[in-house]
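J.: Sending over a structure as structure tokens; questions will come in a sec.
The values are calculated or read from the model by the stated rules, or taken from the named source; none is laboratory data. Keep in mind the model is a prediction, meaning the values are calculated, not measured. Glycine gets a Cβ as well: all are built from the backbone with ideal geometry, and neighbour counts include every protein chain shown.
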Amino acid sequence: MAPLGPAPLFAGKGPRLSRKAHGQGAFARLALRLSRRLAAGLAIALVLSLATGLATGAAQAGAWPRGKGKHFAAAALRFHSATGADWSKSLTYYHEYGLSDQINIGVDVGGAISGFDKLILFATVPLPQILGVNIASELGVGLVAGEAVVRPGVSLGRGLSRPEGWITLEGAAEYFSQSDAVDWKVDTTFGLTLGARSKTYVQLQTGHQHGDAPFARLAASFAWQIKPRLTLDVGASTSVMNSERYRLKFGVWREF
């Protein structure tokens with residue numbers, strides 16, 4: 001059984017405005033605008049579905065298959081600040097669909113590892129368990145700041161019974177076809193079920209954008225099930241090294 005874990009992990013370092021190797025020319029600017037509008041539009045559609053009850057939340061499956069015919073959608077609004085005075089924001093949207101009992105496909109829109117806008121289509125396939133640990137491989141393709149990327153990844157996860165919860169390790173790399181740059185990220189999550197409707201989890205988020213120093217953040221989140229299959233997810237994180245000092249997250253998960 002897939003535990004209720006965090007919303008999409010690969011939210012990146014935060015909003016970035018420019019990078020010569022990523023997103024030059026009219027096509028890049030158009031892709032940036034389209035990905036921003038797509039993220040906003042999909043998030044609005046998710047909120048509307050929540051309000052009207054058209055969809056019903058669990059969290060990103062990661063190492064656990066979603067299940068044939070099942071959808072999962074998550075939207076999150078994040079605020080970032082290095083000083084606590086000037087804040088920027090970013091919006092992410094993640095949608096996953098169980099193509100079969102074993103294979104998930106989906107779309108990931110919002111901030112990449114570098115913080116630039118992304119639009120990634122992906123598929124995940126489970127691998128054989130090792131010592132009771134669920135393992136899944138992922139392959140994604142798409143655009144980051146207008147440049148074509150390939151994103152391989154792997155997820156490991158195990159449910160816990162005493163105490164009830166879960167632990168996951170998720171990693172991904174983004175290879176940029178034009179510049180040959182590679183960004184990577186690894187997130188470790190430990191979550192606990194507090195009650196029938198509440199869960200909490202902490203994450204160590206680490207990564208590296210090509211040309212920058214590696215970064216690390218410590219994040220904590222609280223998830224509250226508002227109604228069946230609808231979960232509110234709020235959290236905060238702080239820099240361990242080379243990241244924004246203050247980050248806030250407000251998100252929702254929905255499964256249908």
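J.: Which numbered condition in (1) within 19 Å of the chain's Cα centre (by Cα); (2) closer than 26 Å to I120 by Cα is the only one that T200 fails?
T.: (2)
J.: Can you tell which of A173, A181, A219, A213 is among the hydrophobic types (A, V, I, L, M, F, W, C), on the phi < 0 side of the Ramachandran plot and in contact with a Pro (Cβ under 7 Å, 6 or more places away or on another chain)?
T.: None of the other options fit; the residue is A173.
J.: Which of the residues that make up the range 205-220 are over 14 Å from the mean Cα position of the chain (by Cα) and closer than 23 Å to T188 by Cβ?
T.: H208, Q209, H210, D212, A213, P214, F215, A216, R217, L218, A220
J.: Give the residue, chosen from R254, R162, that is touching a Leu at 6+ places or on another chain (Cβ under 7 Å), farther than 29 Å from D86 by Cα and among the charged types (D, E, K, R).
T.: The match here is R254.
J.: Turning to a different aspect of this structure: Return the only residue of E244, E170 being surrounded by 14 or more Cβ atoms within 10 Å (Cβ to Cβ), at pLDDT 95 or above and acidic (D, E).
T.: Among E244, E170, only E170 is surrounded by 14 or more Cβ atoms within 10 Å (Cβ to Cβ), at pLDDT 95 or above and acidic (D, E).
J.: What pairs can you find where one residue is in the range 200-221 and at pLDDT below 95 and surrounded by 15 or more Cβ atoms within 10 Å (Cβ to Cβ), the other is among the charged types (D, E, K, R) and not in a strand (DSSP E or B), and their Cβ atoms are less than 6 Å apart, with a gap of 6+ or different chains?
T.: From residues that are at pLDDT below 95 and surrounded by 15 or more Cβ atoms within 10 Å (Cβ to Cβ), there are no pairs.
J.: Going through the range 176-214 one residue at a time, which ones are part of a strand (DSSP E or B) and closer than 18 Å to R151 by Cβ?
T.: F176, V182, D183, W184, K185, V186, D187, Q205, T206, G207, H208
J.: Please work out which residue is nearest to Y246 (Cα to Cα), limiting yourself to the range 222-231 and to residues that are touching a strand residue (DSSP E or B) at 6+ places or on another chain (Cβ under 7 Å) and either among the charged types (D, E, K, R) or surrounded by fewer than 16 Cβ atoms within 10 Å (Cβ to Cβ) (or both).
T.: If we take residues in the range 222-231 being touching a strand residue (DSSP E or B) at 6+ places or on another chain (Cβ under 7 Å) and either among the charged types (D, E, K, R) or surrounded by fewer than 16 Cβ atoms within 10 Å (Cβ to Cβ) (or both), then F222 is nearest to Y246 (Cα to Cα).
J.: Among the residues of the range 109-134, count how many are surrounded by fewer than 24 Cβ atoms within 10 Å (Cβ to Cβ) and aromatic (F, W, Y).
T.: The number of residues fulfilling the criteria is 1.
J.: If you check every pair at least six apart or on different chains, which have Cβ atoms under 6 Å apart with a residue in the range 135-152 that is surrounded by 15 or more Cβ atoms within 10 Å (Cβ to Cβ) first and a residue that is among the basic types (K, R) second?
T.: Every condition considered, the pairs that remain are G140/R151; V144/K118.
J.: Follow-up. Could you please give the count of residues in the range 173-183 that are surrounded by 15 or more Cβ atoms within 10 Å (Cβ to Cβ) and either of a type in the set (D, E) or within 22 Å of A236 (Cα to Cα) (or both)?
T.: 2
J.: Something else about it: What pairs come up if the first residue lies in the range 55-72 and is over 12 Å from I105 (Cβ atoms), the second is modelled with pLDDT of 85 or more and in a loop (DSSP other than H, G, I, E, B), and their beta carbons are under 6 Å apart, counting only those six or more places apart or on different chains?
T.: Pairs found: A55/F256; T56/R229; T56/F256; G57/R229.
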